[in-house]
Structure formats: structure tokens, C-alpha cells
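Only one structure is covered here, and it is reproduced in the block below.
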């Protein structure tokens, strides 16, 4: 473990030298995948059968043995070891069984956080400010100096929605100091306006923001995510559908983005339930890895300002280094930062950042719940941030991503039927392409030692961890070609 | 630590002998409260000021120092040590810094669970069935043999709502094997019926079920919980408002319950968005500690069966031993168990239990999210269950609760202005009363070394941990009387 760290520190120290990231971060990592049985193998099959008696397994992809998993490699009960570029749906940041995280997880501080979980709104622990300042807030997006912590991406988004609604209604009432009317108090208890206001959150077609009742009302990824669940009549704006390669379709794509911006503003002005906020992902992830240009997002920022609507950037999947910047919206060069930025997944905790005091609750118990996050997970995120800095992982992701993208471009030229609309150039390892035989590809990939995921209707998405290096990219590229040849 | 355990094991072993619970579970616990400064004292004030810069503190009650807290006692930075009968809003089960939980929190298994958090629906860990079977499911309510795990009480309830809506629409479609229509698929993406159905969840006046958009639509506790947040137009049935003492108002209370049952059935039959389920707490907690009789709940079970509506029992606050039964609905002697039972708080994890396979998702990715719970928290709940069994804590809570209730009855006779509508007899330590000067009482209680909470408009609620013993009850009763005399 110590050896790992020395090695890695040396790598980080020389990161400005080309090819510094060629040195392995974790020399004890497996040298490559090892496929011993069909997946699931006999032991996994038996274990899945046992689990199915008590827990839903209909979405099960592969059963993991995480004590045996290390770095970029996921192990199972049958001795199979796969290069994992799906990483628990993009949520493992710095590798399985990461030694630095293990130190944090076995600290006295962590033990107390696990067994003495406070109700953070009422009885925060004395070192909560310190944990936030040395962790979550050290990587706060530009313009954000406060945080409201939560427990999942859905939770983070719904908390941000609530902050937006309170802000909007506060404005309509004439400011945070104007008290609620008797009518508001009474009607709120009956779920009626004006207490329960006729307002909305606007999201974008193909967007994904979670699965609770508010967040699901903004999710527009697939029917299977939404069917049979009641929803609010909230508006969806069009998200640009860009054509690839981008260089070839520059003008057409610019027109498409202009059309979407125009329609977004029209909807904001006319929807029967006016939006308090818009929510958008920097790259639509579950919806199929749909990208838009920085100019599009800058245009949205202008539209929201002009129309007095908040802009919530959902960085649940894009955040924490995967795109070659710590936050994906750092790619946009916004002059005026987003009003709220939500996070979860690779942060291993959740919440929203904000910078404007007007988004603070103006009275006790408005934005509140029992736990309001989890100090244990905040301590872990701090350790993740330290590991990212120690190994210079955001730069690693940017450089490895460029290398991987170039390799995929070559493959796309060789196999144009297999790799279509390759996208994510300059976005770290946040790369995807369309595959006409996607399900077949994903299933066969396990046979060549690769665990890989899809998104949207026909995309294959890469979501490796931040410790994914060029040598892993080579194994991945080779594996992909093997599947194409099979 | 070992000494604690030996002592406690001895206590548990003789639990059938009267007064077995007089022996201390944790001899190292403080002998009583210690108040050194006003609360907050100078050090706490400085720390709160620092925290307020980055995190909302407007609902802050007291800043804790949990490394220094032990058993029933919460410590702060200024050296104050209070007997804690609020317990992080009823969520600390077996005491601060519990030695048995510390062992679980520092185990190799826990460390892996913290740093290798899986996406449980896609990539469950190989021992997930074992963790569930030896933990969460070992205490499953009668009639429930499966669990869907989540992360908070709100989350648990919304997951249960989603299961109910899918079940109801499945029935309407003619069974789980009948496929969605094209119209359902299309309309769901636009948040419109029939894909997003015109159905509801019915809750009860003064009930509390969480603060996300679906759960908040069923919450009817106070305007401050609901104001400015859009809500679904879902129905609320009346919850019986019983008069105390119960013996004196038996007939009147029975009439009140009959009236509520009748109105509930009428609403189920007539509400414009038919309910797929009702959700109810065994004791309405945030809403003011409102009780109803077992007969009322048996009546509800009959009404829901008769009308083909599911019954969700929300045990987020009442569950895990506090009422002198492991689950509060064990007091009802239902012949036909609830369809779903939600849990969180003292379980330190969350989710819903169920027994009917028809409540399982019929297709992948319908009931799903990235983490679907947290193995680290499930491992902790298992340790909590073991500790409850080791120390026989459910029986302790029943016996100590009776002792405490008798003491409060005496106080109520002596101070009839201060303690009104004392309630929770035979419900373990889940006891409350109405106080005409509640805020004043709660503030002064800290001065005599007691941390205690309120609920509803004027109730004072007791939510001690399961390790609260007669000696703690004596300290509490004495402290309460001191406040009355001040």
C-alpha cells in the first residue's frame, strides 16, 4: 500500500512532463482482465438465485465481489476479473479498494461518523464546518461558497428545486421578510395554490435528473423510467441534437442550438406553470450522451438571467473530474456562474452548491430533513478530493481521454458500421458512440474482459474511473476491436 | 468496553427477572447531566458562527461533540453533557459511541462497504443476500419477506408509492404481463395521462411522511413544511383526535374513530384521483404524537382490502423498538398484514418491506436508482439488531416506558397545568403530552441538563434511545419537575 503511494506520488510530482501518467498509479493492480467462466458463472448464478428470494434482481447486470476488486478491475465470485469502464454507473471515483480511501474509512473520525450520525440541521457536529471547508467546499464551483448536503442525485436535485421555489415565491411576495398570508398557510395544507404554487421546473428533452416524484417530473430519458408514476405538468425544452463529426456540421449545429434556445425562451415566457428554474446536464448522460456547445450553455445563462429564472446545473454524472475538468461546466467559460450546481455519484455524497444568500432558507424548518446528508460520506469525499489532487487525476483524465478518443477515432475509421457519432472529444474520458447492435456488443464485451455500459437508445458510454490510464485505454481499445471482429 | 458487554450480557440473561433492567447497560456512561455554561456556550457560539458561513444554521438547536458523547448523553464543545431524550430526532438507537456498533464500524467488511459502494440494482455485492438475511430481514414485520432498500424516510415512502402506482396500473391494464400501450409510452414522456396516471396516495390529516415532492404531498403536519412547494392534489382523510384520559372518553373516542373510518372510505370511493394506497403512521409523530386505537387500524386494513387499495404503514419514526414492540403496528394484532412497511431513522438505513410478489417491479429499470440503499448502513443496522437482542432492548423499552409513564402521571396530577393530555401508555417510551408553554419548557430543559424535543403545535415528545433505563427516567422526571418549579 505504501509502495503504491510512493509510486503514485512520484507520478504526480512529474505530471507536467509528457507521459508522466504512463507510470502506474497502483502497481498492485491486475495487469489485465481474466475471464475464467461465462458471466455469470456457476457461483454467481447460485448467489443471484439466493438474492432473488429477498431482493429485486431484474435489473442485475453482474454480481461483484468488491473485497477482491482493485483499481480499475471488478472481480466476481467465479474468479473473473474485468476492466470496469462503467464503474457502478459512473460512481466509483478513484478505484476499487483504494488504499488512501481505506485509510479514511478506518479512521477514528469515520467510525464516530458512522455510529453517531447527527441530525445535521438541528444538532450538527462541532467539526462539520471544518469537514465541509477542507472537503466539499474546497472544490466548490466558481461562484459557489455554500452547500446544502443531501443523500443522492435525486435528493440533491429536489432540494435545489425546493430552494428555487422558495426563492421565486419570496420574490413574488416582495422579499424574504414578507410573511406568508393566511390564505397561503391554509391552502398549502390542502396542496392548493397559492400555498402550493402553480410553478414549475423546466428541463430538457432526453434529460435525466432522478426518479423521485419531483425529479422524475423533470426526467425525460425513457418511458420505462416514468411509466405509471404521476407527474407534474412541467415543461420540457428541446435539447440540441448535434450531428457528427462536429467540424463537418458546424453551421447546421449552430442553427439547431439557436432553435433550441429560442424555443426554451418561448416556453419560459408562455408555459402555464411558470418555471422557477431550469435544470440541465452538461452532457445528457442517461439520455444517450448528448452534448451541446459552450455557446449554447452561455446562451441559456443569458436567457435565464433575462427572464428571472434560476439555472441549476446537474453535475451528478459529469462532476468530479470525469470530463477533464473538475466540473464539466468549467468548459463553458461562463462569466456569470450557475445559481446552483448539484452533485453526487463520484462524490459519494450529494447536495447542491450555491453562492447567493437569497437561496438560503429564510426561516427554520423550511429546507430541512432529519439527516440532511451524512458526515461519513462527506469525510469520504474529502479523501477522494485529496486522492484526486495527490495523483493529479483531473489532468490524467484529460490526457488519457485525448489518447482514448484518438484510438476510438482510428477504430471508427476501420469499423464505421460499429462506431457511429463518436462524441466527447476534449471531454476527458466522458466519451460515447452510437452502436447499431448495442445490446449484443455490451453482452459480448464481458467475454473479452470489459465491463461497459450503454445509455439512451443506442449509445455506448464510457465511464471509467479517474485512475484510468493509457495502458487501460490500450486494453479497452483492443477489447472493443475483439468484439467487432467476433 | 469488554466490561460493558459482560455486564450487559448478564443483564440480558436475567431479563425475565423483575428489575433486571436496573443494572446499567453501560457502566462507563456519565452518572448524570453536567451543565457548565449557558447553551450554547462560548466555544459552541464561535463554532456555530463559523459553520453559518457555509451551511444553513437557522434550524440549529445545539451543536454536538459526538466523539465525547456516550450512551444516553450528548456532549458539546463547552463541556456540557445532557441527557438526550430527543436522540437526533428519534434516530439514535442504542446510544452514542456504542461499543458494539464501533466494532461493526471498524470491521474489514464495513471498510469495503464504505469505499466500494455498489450500484445495488445492477452490480450487487456477492454477500448482499447474506447481509439482508442476517440483518434487515431478520426483523421483517409479519407477512413481509422481501425488502427494497433506500436512503431516507422520504425516499422509502416515495419508493413505496412508486411500487403502489405500478401495482395499481398493472391491475388496470389486466396484469403484470400486459404490455404498455403506445399511448402510455408517449404520454408518460410528456407527464400526461395515461402514462403518468391520474392516481393518488391518500394520507391523514396531521401526518408526516417526508419532504420530497411526492412524500411532501402526503405530509400534512404544518404549513412551514409545505409552503411554496408545488404539490399533487392528493386526498387527506381525517385522523381521529382522541380525548384524554382515554378511560374517561372511551365512547366519544370510539365515535370519533368510526367517523374517521367512514370519511376515509368515502374519500377513497370519490376522490377525483383514485388512491393506489393509503399511508399512515402508527403514531403521528411530527404532527403532535397523535394516537389511535388498534381497532381503528384494523378498520383501515378492512377498508383498504375492500376497496382494493394498498396499506403502507410508515414506521420511520415508530419502528425499531421504541414503542415496546419492534414494530409499532405489532400492537394492532392485524390478521392481514400491511402491504408495505417503511423504515428509516433508528434503522440508520431505509427502505420498505413487503410480502406480495405482485409488488415486485415487473420489468427492469422501473423501480431503480444508482445506489438503491447502502450496504454500509445495512451492515450497521445488522449490528443494531444484534445489540437490541443482546441487551433485550425492546423489553427494556416496554418496561422502562411503563415506569416513566407512571412517573409522568404522578407529575401530571401535581402539575395539571403543565402536563395535559398525557399519552403513549403501554407504548414503550413513545410518550408525549401537551404543554401550554412548550417553547419555554424546551429552552429551560437544557439548563437542567435535558435535551428534549417538541412535535405538532404544543406537544412535548419523548424519544429516548432504546438503552434508556429507569435511572435515566428518574433523572428525566426530576429535571422536568425542576423546570416546572422554575
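The values are calculated or read from the model by the stated rules, or taken from the named source; none is laboratory data. All figures in this text were calculated on a predicted structure; none of them were measured in a lab. Methodologically, a virtual Cβ is constructed for each residue, glycine included, from the backbone with ideal geometry; neighbour enumeration extends over all protein chains shown.
Quick grid of which residues meet (1) within 10 Å of chain B (Cβ to nearest Cβ); (2) not in a helix (DSSP H, G or I):
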site: A:117; (1), (2): yes, yes
site: A:121; (1), (2): yes, yes
site: A:130; (1), (2): yes, no
site: A:138; (1), (2): no, no
site: A:141; (1), (2): no, yes
site: A:172; (1), (2): yes, no
site: A:175; (1), (2): no, yes
site: A:178; (1), (2): no, yes
*Which listed residue is free of Cβ contacts under 8 Å to residues at least 60 places away in the same chain, closer than 30 Å to residue A:159 by Cβ and out of contact with any strand residue (DSSP E or B) (no Cβ under 9 Å at 6 or more places or on another chain), from B:111, B:129*: B:111
*Select, from B:277, B:231, the only residue that is touching a helix residue (DSSP H, G or I) at 6+ places or on another chain (Cβ under 6 Å) and not in a loop (DSSP other than H, G, I, E, B).*
B:277
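Every residue, every condition in (1) closer than 30 Å to residue A:212 by Cβ; (2) touching a residue at least 40 places away in the same chain (Cβ under 8 Å), yes or no:
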site: B:362; (1), (2): yes, yes
site: B:387; (1), (2): no, yes
site: B:391; (1), (2): no, yes
site: B:396; (1), (2): no, yes
site: B:399; (1), (2): no, yes
site: B:410; (1), (2): no, no
site: B:418; (1), (2): no, yes
*Would you please name the residue that is farthest from residue A:72 (Cα to Cα), looking only at residues in region B:83-101 that are assigned to a helix (DSSP H, G or I), at the interface with chain A (Cβ under 7 Å from one of its Cβ atoms) and touching a residue at least 24 places away in the same chain (Cβ under 8 Å)?*
B:89
*Within region A:32-71, how many residues turn out to be at the interface with chain B (Cβ under 7 Å from one of its Cβ atoms) and within 28 Å of residue A:466 (Cβ to Cβ)?*
10
*In region A:72-82, the residues that are part of a loop (DSSP other than H, G, I, E, B) and either facing chain B (nearest Cβ under 9 Å) or more than 15 Å from residue A:468 (Cα to Cα) (or both)*: A:76, A:77, A:78, A:79, A:80
*Identify the residue in region B:368-399 that is in contact with a helix residue (DSSP H, G or I) (Cβ under 6 Å, 6 or more places away or on another chain) and in a loop (DSSP other than H, G, I, E, B) and, among all such residues, is nearest to the other protein chains (Cβ to nearest Cβ).*
B:370
*Of all strands (runs of 3 or more DSSP E) completely enclosed by region B:400-486, which ones contain at least 1 residues that are out of contact with any helix residue (DSSP H, G or I) (no Cβ under 9 Å at 6 or more places or on another chain) and closer than 30 Å to residue B:36 by Cβ?*
B:432-434, B:453-455
*Are any residues in region B:191-203 more than 18 Å from residue B:366 (Cβ to Cβ) and facing another protein chain (nearest Cβ under 8 Å), and if so, which ones?*
B:192, B:198, B:200
*When residues of region A:331-348 are limited to those that are in contact with a strand residue (DSSP E or B) (Cβ under 7 Å, 6 or more places away or on another chain) and closer than 25 Å to residue A:93 by Cα, the one farthest from the other protein chains (Cβ to nearest Cβ)*: A:338
_Count of region B:143-170 residues which are in contact with a helix residue (DSSP H, G or I) (Cβ under 6 Å, 6 or more places away or on another chain), farther than 18 Å from residue B:327 by Cα and at the interface with chain A (Cβ under 7 Å from one of its Cβ atoms)_ = 2
*Please state which one of B:308, B:253 is closer than 24 Å to residue B:341 by Cβ and more than 14 Å from chain A (Cβ to nearest Cβ).*
B:308
*Any chance region B:204-213 includes a residue that's within 8 Å of another protein chain (Cβ to nearest Cβ), more than 28 Å from residue B:422 (Cα to Cα), within 23 Å of the chain's Cα centre (by Cα) and outside any loop (DSSP other than H, G, I, E, B)?*
yes
*Selection status of residue B:241, assigned to a helix (DSSP H, G or I), touching a helix residue (DSSP H, G or I) at 6+ places or on another chain (Cβ under 7 Å) and surrounded by fewer than 20 Cβ atoms within 10 Å (Cβ to Cβ)*: no
*Out of all the residues in region B:25-65, which are in a loop (DSSP other than H, G, I, E, B), closer than 18 Å to residue A:365 by Cα and out of contact with any strand residue (DSSP E or B) (no Cβ under 7 Å at 6 or more places or on another chain)?*
B:57, B:58, B:59, B:60, B:61, B:63
*Candidates B:287, B:319, B:355 - the one that is closer than 30 Å to residue B:175 by Cβ and within 14 Å of chain A (Cβ to nearest Cβ)*: B:355
_Being facing chain B (nearest Cβ under 7 Å) and either in a loop (DSSP other than H, G, I, E, B) or closer than 18 Å to residue A:283 by Cβ (or both) is the filter here; which residues of region A:215-224 pass it?_
A:220
*Hey, any hits in region B:37-51 for a residue that's buried (at least 19 other Cβ atoms within 10 Å of the Cβ), within 27 Å of the chain's Cα centre (by Cα) and modelled with pLDDT of 95 or more?*
no
